[in-house]
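Working notes, structure below.
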């Protein structure tokens with residue numbers, strides 16, 4: 001399976017980190033040059049920033065465009081791809097998952113999320129086998145994280161169609177809001193963003209933050225922002241059926257993760 005990571009030309013330290021991860025795992029990573037915020041002109045902003053719940057920064061639009069380009073490649077090649085962001089930390093178990101082939105040929109998955117973002121999501125209560133000791137859980141609604149996911153051609157086509165209809169959003173929010181996707185979650189999670197690891201253990205904050213991670217200012221309640229508040233309210237209304245589904249057995253919880261997989265010496269212990 002092809003594995004691509006998104007990396008800005010100027011982010012050389014992150015590139016080195018991803019090459020180190022690839023060497024440790026014994027996997028071949030392809031670098032995809034990320035779209036830079038400087039390359040996003042006002043015409044692109046006007047064309048893409050149409051439907052989200054707040055104005056998008058050029059850094060967010062550039063990130064979205066980077067992911068969208070890889071979706072296009074998946075759709076064109078007709079083969080699944082593991083898409084990574086360059087601030088992700090990976091479990092040594094990823095190597096054995098990539099070595100197994102049966103799950104990659106599955107016809108019932110559009111997307112398999114490998115990441116733990118430290119937030120709850122709506123999950124099927126009963127897991128299914130994935131590969132080895134790994135399981136997969138059907139995801140009915142997720143919220144955040146686009147640092148490590150496998151995308152199949154059918155899923156890529158659905159994401160591209162949604163982008164054509166609605167324009168852009170933060171990449172992770174866009175993916176997880178696509179209700180047409182048949183999404184699954186790997187358990188235990190095999191990937192965590194460096195900033196999430198740093199929140200859990202400040203000593204692990206070994207990757208510089210990006211402009212995408214800069215906290216956003218609150219929108220002021222002025223007339224020109226009313227449409228954004230209306231979109232946020234509509235998004236909350238769309239979540240109501242998911243919360244009601246918990247009465248029927250749907251789980252609302254964080255995905256299981258093995259902290260030992262993300263210790264500095266984890267690869268040497270496999």
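Per-structure values
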read-out: Additional length obtainable on full extension of the chain from residue 251 to residue 16, 0.36 nm per residue less Cα span; value: 80.8 nm
read-out: Shape call, region 117-208: gyration tensor on alpha carbons, a/c limit 1.5; value: oblate
read-out: Approximate shape of region 40-142 as ellipsoid semi-axes (Cα gyration tensor, √5λ), whole Å, largest first; value: 30, 17, 14
read-out: Simple label model, 7 Å out from Cα along Cβ direction - residue 27 to residue 107, nm; value: 2.7 nm
read-out: Sites residue 99 and residue 164, calculated FRET efficiency, Cβ-Cβ separation with R0 41 Å, nearest 0.05; value: 0.70
read-out: Which of 60, 105 has the fewest Cβ neighbours within 10 Å, and the rest in rising order; value: 105, 60
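FYI, it's all coordinate maths here, none of it is from the lab. Everything numeric in this text was worked out from a predicted model, so none of it was measured. Neighbour counts are summed over all protein chains in view; Cβ atoms, including those assigned to glycine, are modelled from backbone coordinates with ideal geometry.
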